[in-house]
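Take a look at the structure set out below.
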Amino acid sequence: MTTTYDVLSEGLEKRFGAGRVHALRGLDLAVAKGTVCGVLGPNGAGKTTAVRILTTLTTPDAGTALVAGHDVIRDPGAVRRSIGVTSQDTSLDGELTGRENLRLFARLLGVRGAPGRARADELLERFELTDAADRAARTYSGGMRRRLDLAAGLLTRPRVLFLDEPTTGLDPHSRNQIWDAVRELADRGTTVLLTTQYLEEADRLADDIVLIDRGRAAHQGSPAGLKSLIGSYAEVVLAGETAGRAAEDALVTAAGVLDRLTGAEPVLDRERRTAGAVATDPSLTLPRLVRELDAAGVPVADASLRPPTLDEVFLRLTGRASDRGTDIRRHHGKEHAA
């Protein structure tokens with residue numbers, strides 16, 4: 001194995017329940033130094049199990065893993081000294097102030113005395129929490145608590161930071177603050193392994209993405225590289241006056257047109273009144289799509305050929321939607337025709 005990667009695993013296997021649940025089935029990961037790696041996958045894919053092994057919280061049944069150059073089985077202490085972990089469930093004490101929480105974590109992590117106090121104050125300022133530093137953490141908003149939790153994970157200046165669903169439940173402003181902080185960490189050389197259900201988050205932050213499915217790394221590559229694997233995405237939006245049975249019939253007809261033109265199984269969203277499908281044929285053009293829809297009598301408000309979202313990539317490559325895929329709908333960069 002090479003040390004040009006801060007996280008490197010080969011053939012990780014893990015079973016639970018007397019072997020009945022096969023969580024990991026030969027998982028290979030490679031996360032380069034100073035990059036953000038987004039780990040995506042549906043519930044039960046093995047993401048949490050992989051992170052627990054890499055952070056030494058559990059041991060694999062087979063396979064090997066190095067984190068920051070240290071073997072997670074033979075030298076777990078060195079691994080723990082090299083990493084920071086921010087879990088989805090915050091570990092803060094709500095009765096302590098923000099400053100007291102960080103100082104407590106600093107002492108627990110061995111950063112005691114004046115250095116620990118100085119580091120806590122530095123992180124409070126860095127995450128824009130100085131004004132609230134002496135308030136009880138229970139009075140913090142969700143975004144403030146997540147920023148404080150992230151600060152706690154950075155007290156020892158870890159070489160590798162594991163972030164588990166860092167922005168779940170946050171409003172857009174708070175989410176952007178966390179995203180800015182994570183990108184800044186990577187720019188300063190910290191390696192970040194990010195598990196997330198928000199595909200927009202992975203698209204914005206990750207240098208590399210691993211799609212985990214059924215305990216294996218199904219695909220790995222940059223966001224742009226993964227999107228290029230499946231071509232464009234054709235989407236049809238029904239005209240607003242179409243309703244009831246007529247709308248259902250129109251969606252089914254539109255799906256038939258898309259199926260014929262793309263060769264991919266269309267996805268219907270009745271709430272949004274849309275039908276869409278991956279278009280792997282580069283010869284498909286928007287004028288042709290519009291002509292075929294018109295010939296079939298579909299009342300169209302909008303039709304587009306656009307780059308695929310990561311959710312559409314995931315669905316195409318694994319055959320299953322991601323956990324929060326329907327929440328992430330990005331419409332910029334489209335080619336439109338009404």
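The values are calculated or read from the model by the stated rules, or taken from the named source; none is laboratory data. All values derive from a computational prediction rather than experimental measurement. We place every Cβ from the backbone using ideal geometry, glycine too, and count neighbours over all the protein chains shown. These accessible areas exclude ligands, DNA and RNA; they are computed on the full protein's heavy atoms, side chains included. Shrake-Rupley method; radii C 1.70, N 1.55, O 1.52, S 1.80 Å.
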- Of the numbered conditions (1) under 22 Å from G142 (Cβ atoms); (2) out of contact with any Ser or Thr (no Cβ under 8 Å at 6 or more places or on another chain); (3) open to solvent by less than 30 Å² (accessible area, probe 1.4 Å), P60 fails exactly one; give the number of that condition. (1)
- Item | Single residue of region 3-22 satisfying the filter (basic (K, R) and in a strand (DSSP E or B)) that is nearest to H70 (Cα to Cα) | K14
- R80 passes all but one of (1) more than 18 Å from V160 (Cα to Cα); (2) touching a residue at least 12 places away in the same chain (Cβ under 8 Å); (3) of a type in the set (D, E, K, R); which number fails? (1)
- Task: Answer yes or no as to whether D171 is at pLDDT below 85 and open to solvent by 10 Å² or more (accessible area, probe 1.4 Å).
- Result: yes
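Residues E201, E184: which one is open to solvent by 10 Å² or more (accessible area, probe 1.4 Å) and not in a strand (DSSP E or B)?
Only one candidate qualifies: E184.
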- Query: Looking at S228, is it out of contact with any helix residue (DSSP H, G or I) (no Cβ under 7 Å at 6 or more places or on another chain), modelled with pLDDT under 90, within 21 Å of R306 (Cα to Cα) and surrounded by fewer than 19 Cβ atoms within 10 Å (Cβ to Cβ)?
  - Reply: yes
- Note down all Cβ pairs under 8 Å where the first residue falls in region 273-287 and is in contact (Cβ under 8 Å) with a residue 24 or more places away in the chain, the second is part of a strand (DSSP E or B) and loosely packed, with under 14 Cβ neighbours inside 10 Å, and they're at least six residues apart or on different chains. L286/E335
- Kindly establish whether R25 is surrounded by fewer than 22 Cβ atoms within 10 Å (Cβ to Cβ), touching a residue at least 24 places away in the same chain (Cβ under 8 Å) and in a strand (DSSP E or B). yes
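Residue-by-condition table, conditions (1) touching a helix residue (DSSP H, G or I) at 6+ places or on another chain (Cβ under 6 Å); (2) surrounded by fewer than 17 Cβ atoms within 10 Å (Cβ to Cβ); (3) not in a helix (DSSP H, G or I):
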| residue | (1), (2), (3) |
| --- | --- |
| R74 | no, yes, yes |
| A78 | no, yes, no |
| G84 | no, no, yes |
| S91 | no, yes, yes |
| G94 | yes, yes, yes |
| R103 | yes, no, no |
| A120 | yes, no, no |
- Item | Y233, sole failed condition from (1) assigned to a loop (DSSP other than H, G, I, E, B); (2) in contact (Cβ under 8 Å) with a residue 60 or more places away in the chain; (3) open to solvent by 10 Å² or more (accessible area, probe 1.4 Å); (4) not polar (S, T, N, Q) | (1)
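Yes/no matrix, rows are residues, columns are (1) closer than 14 Å to S304 by Cα; (2) open to solvent by less than 60 Å² (accessible area, probe 1.4 Å):
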| position | (1), (2) |
| --- | --- |
| L238 | yes, yes |
| A247 | no, yes |
| A250 | no, yes |
| A254 | yes, yes |
| R260 | no, no |
| G263 | no, no |
| L268 | no, yes |
| A275 | yes, yes |
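Could you pull out the residue among L150, L123 that is in contact with a strand residue (DSSP E or B) (Cβ under 7 Å, 6 or more places away or on another chain) and under 29 Å from G77 (Cβ atoms)?
Checking each option against the conditions leaves just L150.
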- Query: part of a loop (DSSP other than H, G, I, E, B), out of contact with any strand residue (DSSP E or B) (no Cβ under 7 Å at 6 or more places or on another chain) and of a type in the set (D, E, K, R), is that true of R52?
  - Reply: no
- Message: Looking only at region 208-225, filter to residues that are in contact with a Lys or Arg (Cβ under 9 Å, 6 or more places away or on another chain) and open to solvent by 40 Å² or more (accessible area, probe 1.4 Å); which one of those is nearest to V298 (Cα to Cα)?
- Response: R214
